[in-house]
1. Please specify each residue of region 70-121 satisfying the condition of being surrounded by fewer than 18 Cβ atoms within 10 Å (Cβ to Cβ), assigned to a loop (DSSP other than H, G, I, E, B) and not aromatic (Phe, Trp, Tyr).
2. Kindly evaluate ASP113 against the criterion of being under 21 Å from PHE56 (Cα atoms) and among the acidic types (Asp, Glu).
3. Can you find a residue that is surrounded by 13 or more Cβ atoms within 10 Å (Cβ to Cβ), out of contact with any strand residue (DSSP E or B) (no Cβ under 8 Å at 6 or more places or on another chain) and not aliphatic (A, V, I, L, M) anywhere in region 149-163?
4. Yes or no: THR165 within 17 Å of LEU39 (Cβ to Cβ) and without any contact (Cβ under 8 Å) to a residue 24 or more places away in the chain?
5. Regarding THR63, is this residue farther than 30 Å from TRP171 by Cβ, outside any helix (DSSP H, G or I) and among the polar types (S, T, N, Q)?
6. Output the qualifying pairs, or none if there are none: Cβ atoms under 9 angstrom, residues six or more apart or on different chains, first residue in region 78-89 and closer than 15 Å to ARG163 by Cβ and at pLDDT 95 or above, second residue exposed (fewer than 15 other Cβ atoms within 10 Å of the Cβ) and of a type in the set (A, V, I, L, M).
Amino acid sequence: MTGTNPTDGVPAGPTAGGGGRRVIEQRGLYFDELEEGVLYAHRPGRTVTETDNVLFTTLTMNTQALHLDAAWSAGQPFGQRLMNSMFTLATMVGQSVTQLTQGTIIAQLGLTDVSFPHPLYHGDTLYTETVITGKRLSASRPGQGIVTMEHTGRNQDGAVVARATRSCLMWTRGAHQDQPGAQGRMPV
């Protein structure tokens with residue numbers, strides 16, 4: 001349900017259960033709100049588990065013994081199983097969603113420069129930070145812009161465990177608010 005501001009007749013946004021209380025929906029940032037060079041720290045961290053590793057690894061049909069076989073992995077250079085690097089990448093990107101792209105992204109355009117300089121192990125906590133390294137309005141899609149961001153994942157000791165450069169097509173605030181259904185998309 002949407003209320004109306006009694007002073008100017010402008011829709012006031014969704015209201016909770018018709019009770020007149022204005023609702024502020026959690027979202028990421030629009031193209032015009034993202035600042036180049038700023039470090040966005042995504043919290044809380046995510047402590048990764050053996051269950052996470054086994055489920056993700058088997059779900060994606062990656063039967064690499066380095067992720068699944070404790071006895072075999074003990075004899076390898078790291079001396080233990082490693083978290084699946086694709087799990088690490090997905091979690092690192094996922095940790096940025098609430099703060100940066102929730103409801104404001106149109107499409108992920110690509111990932112480049114992906115690296116895993118240090119392993120992530122069962123029981124480690126992954127912390128992610130993002131720096132916006134570039135942004136430009138789209139020449140072919142009015143009201144949309146392309147944002148380049150560098151994600152960095154660190155363990156609880158500060159060691160960098162993953163890096164990736166990500167490009168996304170994002171809404172500008174004004175253009176997205178003009179889209180049918182942009183206000184009150186989610187039921188309250």
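The values are calculated or read from the model by the stated rules, or taken from the named source; none is laboratory data. If you're wondering where the values come from, they're calculated on a predicted model, not measured in any experiment. We place every Cβ from the backbone using ideal geometry, glycine too, and count neighbours over all the protein chains shown.
1. Those that are surrounded by fewer than 18 Cβ atoms within 10 Å (Cβ to Cβ), assigned to a loop (DSSP other than H, G, I, E, B) and not aromatic (Phe, Trp, Tyr): GLY75, GLN76, PRO77, GLY79, GLN80, GLN102, GLY103, PRO117, HIS118.
2. Details: under 21 Å from PHE56 (Cα atoms): no; among the acidic types (Asp, Glu): yes.
Answer is no for this residue.
3. Taking region 149-163 as the starting set, the residues that turn out to be surrounded by 13 or more Cβ atoms within 10 Å (Cβ to Cβ) are 149-155, 159-163.
Adding the requirement that they be out of contact with any strand residue (DSSP E or B) (no Cβ under 8 Å at 6 or more places or on another chain) leaves 159.
Checking the rest, the ones that are also not aliphatic (A, V, I, L, M) come to none.
Looking through region 149-163, none of the residues is surrounded by 13 or more Cβ atoms within 10 Å (Cβ to Cβ), out of contact with any strand residue (DSSP E or B) (no Cβ under 8 Å at 6 or more places or on another chain) and not aliphatic (A, V, I, L, M).
4. Numbers: within 17 Å of LEU39 (Cβ to Cβ): yes; without any contact (Cβ under 8 Å) to a residue 24 or more places away in the chain: no.
No.
5. Values: farther than 30 Å from TRP171 by Cβ: yes; outside any helix (DSSP H, G or I): yes; among the polar types (S, T, N, Q): yes.
For THR63, the condition - farther than 30 Å from TRP171 by Cβ, outside any helix (DSSP H, G or I) and among the polar types (S, T, N, Q) - is met.
6. Hits for this filter: LEU89/LEU111.
Let's see how each residue does on (1) aliphatic (A, V, I, L, M); (2) at positive phi; (3) in a strand (DSSP E or B):
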residue	(1), (2), (3)
LYS135	no, no, yes
ALA139	yes, no, no
MET149	yes, no, yes
ARG163	no, no, yes
MET170	yes, no, yes
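Residue by residue, here is whether (1) under 20 Å from ASP52 (Cβ atoms); (2) of a type in the set (Val, Ile, Thr); (3) out of contact with any His (no Cβ under 7 Å at 6 or more places or on another chain) holds:
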| residue | (1), (2), (3) |
| --- | --- |
| LEU126 | yes, no, yes |
| ARG136 | no, no, yes |
| PRO142 | no, no, yes |
| VAL147 | no, yes, yes |
| GLU150 | no, no, yes |
| GLY153 | yes, no, yes |
| GLN156 | yes, no, yes |
| CYS168 | no, no, yes |
